[in-house]
Structures are given as C-alpha cells and as structure tokens.
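Accompanying notes for the structure given below.
The values are calculated or read from the model by the stated rules, or taken from the named source; none is laboratory data. This structure is a prediction, so every number in the text was calculated from the model and none was measured. So basically every Cβ, Gly included, is an ideal-geometry build from the backbone, and we count neighbours across all protein chains shown. Keep in mind that these areas ignore ligands, DNA and RNA; they rest on the heavy atoms of the full protein, side chains included. Shrake-Rupley method; radii C 1.70, N 1.55, O 1.52, S 1.80 Å.
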Amino acid sequence: VLFRSNVGDNVGDVAGMSSDLFGSFAESTCAALVISASSSKFVEDGGWPALMFPLCISAAGIMVCLVSSFLAMGAVKSQPLVEKTLKGQLIVTTVLMVPAGAALAHMLL
C-alpha cells in the first residue's frame, strides 16, 4: 500500500509542476501581447506582424519541442543513457530554436 501511495504522490507532483509550467508559459505570452498592444508607437511601426511575434515564437517553440521529443523516443534503453539523451535534446532544441527565433524576429519585427 505504501508503494502505491508514493507512486500516486509522484504522479501528482509531476502533474502539479506541469500545470505550473503551463500557467507561467500562458501568463508570459499574454503579458507580452498586452505590453506590445499597449505601446502605440510599437503598433504603428510594427503593425500586426509585430503583435503576433510572441505567439509565433511560442508556436515555433512547440514545434521544436515536438521534434526533440521524437528524437528521444526509444533512445533511452538504460538509466545511464538518460543524461546523455537529455543533453542531446538540449543541444538539438537550441540548434533548432535559435535560427527559428532569429528568422521570426527578422520577418516580423
């Protein structure tokens, strides 16, 4: 019974952390939209593409995350490979997201 209780606690903790991360992500995206929309000079100079920049960065991040997640599927066969796989995902995500962010900034701002 104790084992099941600990598993349930861990699942609840992970779910709670996930909802906190999503909340922070959504709040920061909304804050960026509000700040960009409240600046009349920014709206006049940048227009609609500039207002959509925070959403496009978020969308690009989601796509890059999906790609890096698929790269890790099946890569972890034993515990020592976990760290190597996570570091590989970090590198792939960085290599994909930096040019995507730069391209979006060049196109939209």
*Angle between the chain longest axis and helix 40-72 axis [Cα atoms, degrees, rounded to 10]*: 20 degrees
_To check my understanding: the extent here is largest minus smallest coordinate of the Cα atoms along each principal axis. What are those three numbers for the chain, in Å, largest first?_
62, 30, 15
*Could you state the angle between the C-alpha long axis of helix 80-108 and the longest principal axis of the C-alpha atoms of the chain, as a value from 0 to 90 degrees rounded to the nearest 10?*
10 degrees
*Order the peptides 53-66, 28-41, 83-96 from the highest to the lowest mean number of other Cβ atoms within 10 Å of their residues.*
53-66, 83-96, 28-41
*How large is the accessible surface per residue of the chain, computed with a 1.4 Å probe and reported in Å² as a whole number?*
74 Å²
_Within the accessible area of segment 18-70 (1.4 Å probe), percent carbon and sulfur_ = 76 percent
*Measure nothing but the geometry: give the 0 to 90° angle between the long axis through the Cα atoms of 2-38 and the longest principal axis through the Cα atoms of the chain, rounded to 10°.*
10 degrees
